[in-house]
């Protein structure tokens, strides 16, 4: 009830979709007029993610007449007041993001790399081969199900506590940057290797129950490379259809394990069902981040208190260190959990187990409305800088990292901040290694640099 009016959950979802949809329509027009609404900008992927998680999902839940997911979360979280409070927070966060994004200048990112010699040197070939080998070994051993490992893979609360380490299990992500780097090459043979590795990655990762985001992201990376190399704003229509169809098939499948032999027949069967299940695909629990945000915000506001970015800081500082060398690397997360009041409700714990409230929801967990304002603004700043990484004037390695990151943004915006920094950091590791062995630009001493009266013009749009 609000202002004395009784509002049903269906009406709440419809109002939410209409209000945020209107806000996104406004920012779409601004982005379009600035030439920033296309596949090769981080602003587009943020806009598309907001539309999916905060507009389409609640709208299709409303159309499906099966709103129990939202109803249950809201009943525990306080009902209408909570829903409209989060609507206000979401509106504020989206506005802060695009305001800062559009006010931030986009410069070409070079990382001091030389753009003159584009041939692969021996050190670059060695590093590429090393990370491709690691990634393929991880892919075959832990994702394709072709060679079952005798070692135990145990993950508890996101931590690998079994015989297989997190780096071994997640090394398949090392393939992103090498694949994109090869695809950006001017040599046909190298591009063929890149396409082959990308297709192998996609096919072998499909059977795994928890690799859906990685499979879709690799396809998006391949499509993004084709788009930017063609100097186009939008992918070819067949590529768009394949990306959407694959995402729909994997969403309908859910977290079901497939064998590689049966994947083909299973995919064909689900493809036939996909057109008639459009509402269930978009209005699914997997993208109901808003429902989780309702409940998580209630927990942070009334039970545990905010996180103040401590989990994110912990992941940045020590999360990258292998657990066998630093078993207590998540000491800040454990400390925070010990000092915060526990949630004793079995219903709340069941609903929150493995649930994600979106990146903006995790910003709220860090500091409420103020946390959303500050961190969404900072995300807008970083996103605009990412645009400069995929500029045609940037070195191939920088573009490879930028495109690889951009292909994952749709999932990063739907997850926690510490998960996002972990997966983007993993993607970056081969890029850093390649940077170390790549030719650099030798800067001239300041006194010997020629003076120019013409100021450098930053790249504003891509």
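The values are calculated or read from the model by the stated rules, or taken from the named source; none is laboratory data. Since the model is a prediction, treat every value here as computed from it, not as a measurement. As a convention, Cβ positions derive from the backbone with ideal geometry for all residues, glycine included, and neighbour counts pool all protein chains shown.
Values as computed for the structure displayed
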{"item": "Residue 388 vs. criteria touching a helix residue (DSSP H, G or I) at 6+ places or on another chain (Cβ under 7 Å) and in contact (Cβ under 8 Å) with a residue 60 or more places away in the chain", "result": "no"}
{"item": "Residue 366, sole failed condition from (1) in a loop (DSSP other than H, G, I, E, B); (2) more than 17 Å from residue 43 (Cα to Cα)", "result": "(1)"}
{"item": "Matching residues in region 348-373 - criterion: being touching a residue at least 40 places away in the same chain (Cβ under 8 Å) and either more than 21 Å from residue 314 (Cα to Cα) or surrounded by fewer than 17 Cβ atoms within 10 Å (Cβ to Cβ) (or both)", "result": "348, 351, 352, 368, 369, 373"}
{"item": "Selection status of residue 75, part of a helix (DSSP H, G or I) and within 22 Å of residue 300 (Cα to Cα)", "result": "yes"}
{"item": "Condition check for residue 59: touching a helix residue (DSSP H, G or I) at 6+ places or on another chain (Cβ under 6 Å) and closer than 19 Å to residue 363 by Cβ", "result": "no"}
{"item": "Some residue of region 410-429 being more than 25 Å from residue 363 (Cα to Cα) and either under 16 Å from the mean Cα position of the chain (by Cα) or part of a helix (DSSP H, G or I) (or both)", "result": "yes"}
{"item": "Qualifying residue in region 103-112 (condition: assigned by TED's automatic domain parsing to the domain that holds residue 54, closer than 24 Å to residue 413 by Cα, over 21 Å from the mean Cα position of the chain (by Cα) and in a helix (DSSP H, G or I))", "result": "yes"}
{"item": "Single unsatisfied condition, residue 321 versus (1) surrounded by fewer than 22 Cβ atoms within 10 Å (Cβ to Cβ); (2) touching a helix residue (DSSP H, G or I) at 6+ places or on another chain (Cβ under 8 Å)", "result": "(2)"}
{"item": "Meets criteria (surrounded by 15 or more Cβ atoms within 10 Å (Cβ to Cβ) and assigned to a helix (DSSP H, G or I)) for residue 18", "result": "no"}
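So that you can scan it fast, the table gives a plain yes or no per residue for (1) exposed (fewer than 13 other Cβ atoms within 10 Å of the Cβ); (2) modelled with pLDDT of 95 or more; (3) within 22 Å of residue 409 (Cβ to Cβ); (4) in contact with a strand residue (DSSP E or B) (Cβ under 7 Å, 6 or more places away or on another chain):
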site	(1), (2), (3), (4)
314	no, no, no, no
334	yes, no, no, no
346	yes, no, no, no
384	no, yes, yes, no
